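Okay, so here's the structure we're looking at.
The values are calculated or read from the model by the stated rules, or taken from the named source; none is laboratory data. Remember, predicted model here, so these are calculated numbers, not experimental data. Using ideal geometry, Cβ is built from the backbone for each residue, glycine included, and neighbour counts are taken over all protein chains shown. For the accessible areas, the whole protein counts, side chains as well, though only heavy atoms, and no ligand, DNA or RNA atoms are used. Shrake-Rupley method; radii C 1.70, N 1.55, O 1.52, S 1.80 Å.
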Amino acid sequence: MQHESVKKLFKEQVRHYSHKDQYKHSPLTQLILECLKNKKTNKKIEICEFGGGAGQLLNEIGKVYPKANLTNVEIIDDYKSFLTSKKVRFVNSSVLNSNFSDGSFDVIIMRDVLHHLVGRNYKETLYNQTLALRELKRLVRPGGVIFIEELTNESEVATRIIYYLSRLNFKIGLSIPSLFVISYVIVAFLTSTKLLNLSSSVFGEKNIKTQMLAVETKWYFQIVHLFSGLKKVILVVKK
Ligand SMILES: C[S@@+](CC[C@H](N)C(=O)[O-])C[C@H]1O[C@@H](n2cnc3c(N)ncnc32)[C@H](O)[C@@H]1O
């Protein structure tokens, strides 16, 4: 089960995440486009993004790789009216229970969704994050590839404090928009080590290629992340 606050947050943020340039901030964009350019196949391939907002990245992929069926799986139905391209099939569902059959996709993408898979408590949150990774593994075909991008906070203590403070604030209702403090934002960041351990346990260490990029942070972002180091972790998983 996913916490009710997540839908509230992203319903409010639909316009933000529908911005046409949103995908450009993603370090995954170039990597995926390069990988697909080099793909030597004449058959149609199935590409799916979970939590793809208005489908901006999928739209770019469709331009360099027209031989693809593109699917965007989103928990927020409102994105449908902001979809960047008619070529992107929109499915209103969750990565936690999408109902696709095993091996449905050749390429799966998920960017910055894991820290929003908040459950009723910390244990259920970790369960959700693991379940999402298991689902990606189930849904990718043999020979397929999974691209994951995730913002991590490098202090385990800070990730716990941020999680519990954000839960507390959900009850208190404090709102300081300039500091990104909004009462219904509950987030469960992983450290890069925890994300790698979790991914290795699901996909097997030898199947994962990892990249870690330092993140330039604005002062208010440093405050809400309790002055811990932030990284963007990119995982490329081959099945
Ligand atoms: C931080 S935004 C990232 C949007 C986009 N992937 C990007 O990187 O610009 C997280 C997105 O994941 C979606 N989301 C959250 N939980 C989800 C779930 N369980 N299944 C599918 N999408 C989910 C949200 O609606 C939101 O659009």
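Laid out as a table, the results:
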read-out	value
Inter-label distance, nm, simple model (7 Å from Cα along the C-beta direction), residue 80/residue 181	3.8
For segment 102-220, accessible area per residue (1.4 Å probe, heavy atoms of protein chains only), Å²	48
Segment residue 197-residue 69, length gained on full extension (0.36 nm per residue, minus Cα span)	42.9 nm
Chain lengthening between residue 92 and residue 217 when straightened (0.36 nm per residue, less Cα-Cα)	41.7 nm
Distance violations [Cα-Cα > 29 Å] among 86/218; 43/87; 7/43; 39/137; 37/137	86/218; 7/43
Residues of type aspartates and glutamates that residue 44 reaches as a straight line, Cα spacing below 19 Å, ignoring anything fewer than 8 places off in the same chain	34, 60, 102, 106
Burial order of peptide ranges 88-99, 138-149 (average beta-carbon count within 10 Å, highest first)	138-149, 88-99
Extension gain from residue 130 to residue 174, taking 0.36 nm per residue of separation minus the Cα-Cα distance	12.8 nm
Spin-label proximity, residue 1 to segment 131-161 - amide N less than 20 Å from point 7 Å beyond Cα toward beta carbon	131-132
For segment 161-214 versus segment 6-53, the gap between their alpha-carbon centres in whole angstrom	20
Packing-based order for 18-29, 111-122, using average beta carbon neighbours within 10 Å, highest first	111-122, 18-29
